[in-house]
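Colleague: Pasting a structure below so you can have a look.
The values are calculated or read from the model by the stated rules, or taken from the named source; none is laboratory data. What you are looking at is a predicted structure, and each value in this text was computed from that prediction instead of being measured. Because the Cβ atoms are built from the backbone with ideal geometry, glycine has one as well, and the counts that use them run over all protein chains shown.
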Ligand code: 5GP
Ligand code: ZN
């Protein structure tokens, strides 16, 4: 998709710190890490958000989960992690290309949900 930041990152048109790539999936370091380990896993194919994914996308969604689990271990969070998929306005999704955040590191990530 034209003018999509993560499509351009997946295509190598915008540089990123890549940690994994296959035919369907691309994974890279978040530019503004919230924790010592903060990676993003995306489908190469443009899917705007989890809310717009269809049954045809189930294989790539499953693959994202499996690769996220593997990358968390390999990239410095072997004892657990959070996988976060911000979705839509309510979910504060800023980049309109489906992505899963892998957040972890040596210390517990702490409370994710807080009442405001
Ligand atoms: P969202 O709020 O959409 O779930 O999170 C988008 C994430 O993308 C943010 O954590 C942000 O730091 C990251 N991000 C935004 N632009 C870039 C970029 O150009 N390169 C990389 N590597 N990460 C980015
Ligand atoms: Zn895209």
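Colleague: Can you work out which of the residues in the stretch 38-60 that are away from ligand 1 (no atom under 11 Å from the Cβ) and in contact with a strand residue (DSSP E or B) (Cβ under 8 Å, 6 or more places away or on another chain) is farthest from residue 25 (Cα to Cα)?
Modeller: 57
To keep it simple, each residue is scored yes or no on (1) within 14 Å of residue 20 (Cβ to Cβ); (2) surrounded by 18 or more Cβ atoms within 10 Å (Cβ to Cβ); (3) within 12 Å of ligand 1 (Cβ to nearest atom).
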position	(1), (2), (3)
65	yes, no, no
70	yes, no, no
73	yes, no, no
78	no, no, no
81	no, yes, no
86	no, no, yes
97	no, yes, yes
101	no, yes, yes
107	no, no, no
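Colleague: I would also like to ask the following. Taking the stretch 72-90 only, how many residues are over 17 Å from residue 34 (Cα atoms) and out of contact with any helix residue (DSSP H, G or I) (no Cβ under 7 Å at 6 or more places or on another chain)?
Modeller: Here the count works out to 6.
Colleague: If you take the residues in the stretch 66-86 that are out of contact with any strand residue (DSSP E or B) (no Cβ under 7 Å at 6 or more places or on another chain) and not in a loop (DSSP other than H, G, I, E, B), which one is farthest from ligand 2 (Cβ to nearest atom)?
Modeller: 73
Colleague: For the condition in contact with a strand residue (DSSP E or B) (Cβ under 7 Å, 6 or more places away or on another chain) and either modelled with pLDDT under 95 or more than 16 Å from ligand 2 (Cβ to nearest atom) (or both), what is the one hit in 29, 97, 92?
Modeller: Only one candidate qualifies: 29.
Colleague: Just checking, does the stretch 38-47 include any residue being away from ligand 2 (no atom under 15 Å from the Cβ) and either assigned to a strand (DSSP E or B) or modelled with pLDDT under 95 (or both)?
Modeller: Within the stretch 38-47 (the criterion being away from ligand 2 (no atom under 15 Å from the Cβ) and either assigned to a strand (DSSP E or B) or modelled with pLDDT under 95 (or both)), the answer is yes, since at least one residue qualifies.
Colleague: Select from the stretch 11-34 the residues that are more than 11 Å from ligand 1 (Cβ to nearest atom) and out of contact with any helix residue (DSSP H, G or I) (no Cβ under 7 Å at 6 or more places or on another chain) and list them in ascending order.
Modeller: Residues satisfying the conditions are 11, 12, 13, 21, 22, 23.
Colleague: Cβ contacts < 6 Å: first residue modelled with pLDDT of 95 or more, restricted to the stretch 1-23; second residue within 8 Å of ligand 1 (Cβ to nearest atom) and not in a loop (DSSP other than H, G, I, E, B), any location; separation 6+ or different chain. Result?
Modeller: 16/9; 16/28; 17/28; 17/29; 18/28
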